[in-house]
Amino acid sequence: MKRGERTQVAIIGSGPAGLLLGRLLTQAGIDNVIVERKSKEYVLSRIRAGVLEEGSARILDEAGVGERMRREGLVHHGFDIAHFGERHRIDLSALTGGKAVLVYGQTEITQDLMDRSEADGAPTVYEAEDVAISGFETGQPEITYRKGGEETVFQADFIAGCDGFHGVCRQSVPEEAMFLAERIYPAGWLGLLSDTPPVSDELVYICHERGFALCSMRSPTRSRYYIQCGPDEDASHWSDERFWEELKLRLDPEMAESLVTGPSIEKSVAPLRSFVAEPMRFGRLFLAGDAAHIVPPTGAKGLNLAIGDVFYLAEGMIEYFRKGTESGIDAYSERALRRIWQAERFSWWMTSLLHLFPERGRFGRRLQEAELAYLVRSEAARAALAESYVGLPL
């Protein structure tokens with residue numbers, strides 16, 4: 001952009017939330033500019049989960065970026081929970097009237113959205129340094145950044161903060177204007193990505209005396225495995241061999257025997273955190289995705305919440321620019337937060353159900369065992385889990 005130009009919506013951040021919002025607005029004929037502080041290659045290198053609710057997949061279809069997702073994504077009608085040395089299947093489709101989830105990596109979604117953005121000729125500024133926002137409380141939003149040693153300042157009707165937990169947008173809101181709720185869990189996930197066939201056709205969640213584990217996949221030939229570790233664990237201290245041996249100890253003998261190991265493509269530690277900032281609107285600044293909320297990955301809700309936020313926000317902005325009415329943008333924060341807190345509850349419950357937290361003591365451990373036993377026996381309990389896992393209605 002050139003100094004002094006104006007756009008209707010400035011989007012800060014080019015992850016899936018920012019790119020999808022840009023696409024939905026472009027589709028509706030609304031001018032927008034995406035500003036990203038990292039390079040395109042860096043954004044695409046971030047490895048994230050990719051379990052999509054039906055509603056999320058439908059939104060991507062409607063945005064015109066679902067073709068490859070439908071071709072390459074893996075439809076899952078259930079998953080397994082393993083504990084006490086036994087595996088129990090949660091039949092999502094049978095418990096929810098035929099609903100399922102779609103396994104498709106977040107990196108692939110990002111690539112599809114970037115390709116569509118380039119085809120649209122939508123303006124995106126990568127490697128923008130010293131990004132700053134101002135004026136959103138007075139009705140005159142302004143965005144400043146530097147690139148190639150040159151400073152650019154431009155105005156917008158609205159700013160969408162899609163720049164993640166550490167981004168500038170939430171940090172620009174006065175502390176007294178925001179309520180923050182947070183829980184830090186005493187654990188992290190050590191994840192390994194490998195070009196090996198998955199050990200199971202569907203996801204397997206494992207509650208074990210050595211700690212939680214998850215067997216998942218990105219494709220029929222690419223697997224993603226996680227093991228519970230300390231929140232401050234250093235992934236570099238884990239050789240591939242050490243990871244595979246620890247994972248095998250948490251699997252039942254049949255799974256451990258059939259596990260195909262191989263060199264890691266990527267290895268990293270993700271701390272577990274629950275976080276919500278509310279409200280999600282501050283004058284003409286709107287927060288979406290990880291800028292406003294974080295969930296532990298156990299319930300597979302992070303990406304789906306971001307897509308839901310963007311769906312609500314795009315609806316409100318399109319209504320504003322087409323009809324001049326503000327009911328949609330006025331309702332955005334409340335609508336999004338209702339859904340967010342339901343996902344926060346579910347993600348907290350799944351995390352508590354499946355992870356070993358020694359500070360709970362014997363009483364807490366026995367309660368956890370009772371909860372797992374009840375889940376196995378009760379169809380009503382499994383139906384409640386399945387309803388949240390496949391996604392509450394938008």
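A few remarks follow.
- Residue in region 119-128 that is closer than 19 Å to E278 by Cβ, in the same structural domain as N32 (by TED's automatic domain parsing), of a type in the set (S, T, N, Q) and under 27 Å from the mean Cα position of the chain (by Cα) present: no
- Any chance Q228 is polar (S, T, N, Q) and under 30 Å from F282 (Cβ atoms): no
- When G324 is tested against (1) more than 18 Å from the chain's Cα centre (by Cα); (2) buried (at least 22 other Cβ atoms within 10 Å of the Cβ), only condition (2) is not met.
- Test: residue in region 311-321 that is farther than 16 Å from A160 by Cβ, buried (at least 20 other Cβ atoms within 10 Å of the Cβ) and aliphatic (A, V, I, L, M): no
- The residue list L249, L193 contains one member that is closer than 22 Å to I81 by Cα, surrounded by 17 or more Cβ atoms within 10 Å (Cβ to Cβ) and of a type in the set (A, V, I, L, M, F, W, C), which is L193.
- Residue within region 35-47 that is of a type outside the set (D, E, K, R), closer than 30 Å to L356 by Cβ, touching a Ser or Thr at 6+ places or on another chain (Cβ under 8 Å) and at pLDDT below 95 present: yes
- Where strands (runs of 3 or more DSSP E) fall entirely within region 195-246, none has at least 3 residues that are on the phi > 0 side of the Ramachandran plot and not assigned by TED's automatic domain parsing to the domain that holds L52.
- Considering residues of region 135-155 that are buried (at least 19 other Cβ atoms within 10 Å of the Cβ) and more than 27 Å from the chain's Cα centre (by Cα) only, the residue nearest to T7 (Cα to Cα): F154
- Scanning region 349-389 for residues that are of a type in the set (V, I, T), at pLDDT below 95 and closer than 19 Å to P186 by Cα yields a total of 0.
- Taken over region 331-373, the criterion of being surrounded by fewer than 19 Cβ atoms within 10 Å (Cβ to Cβ) and among the charged types (D, E, K, R) is satisfied by E334, R338, R345, E359, R360, R362, R365, R366, E369, E371.
- In this structure, L285 qualifies as more than 29 Å from H88 (Cβ to Cβ) and surrounded by 19 or more Cβ atoms within 10 Å (Cβ to Cβ).
- Checking each residue in region 129-161 for being polar (S, T, N, Q), assigned to a strand (DSSP E or B) and touching a residue at least 40 places away in the same chain (Cβ under 8 Å) picks out T152, Q155.
- Taken together, the residues in region 93-134 that are surrounded by fewer than 19 Cβ atoms within 10 Å (Cβ to Cβ), small (G, A, S) and under 17 Å from D163 (Cβ atoms) amount to 2.
- Restricted to helices (runs of 4 or more DSSP H) entirely inside region 10-83, those with at least 2 residues that are surrounded by 21 or more Cβ atoms within 10 Å (Cβ to Cβ) are 16-27, 54-62.
The values are calculated or read from the model by the stated rules, or taken from the named source; none is laboratory data. Model, not experiment: these values are computed from the prediction. Note that we place each Cβ from the backbone using ideal geometry, even for glycine, and neighbour counts take in every protein chain shown.
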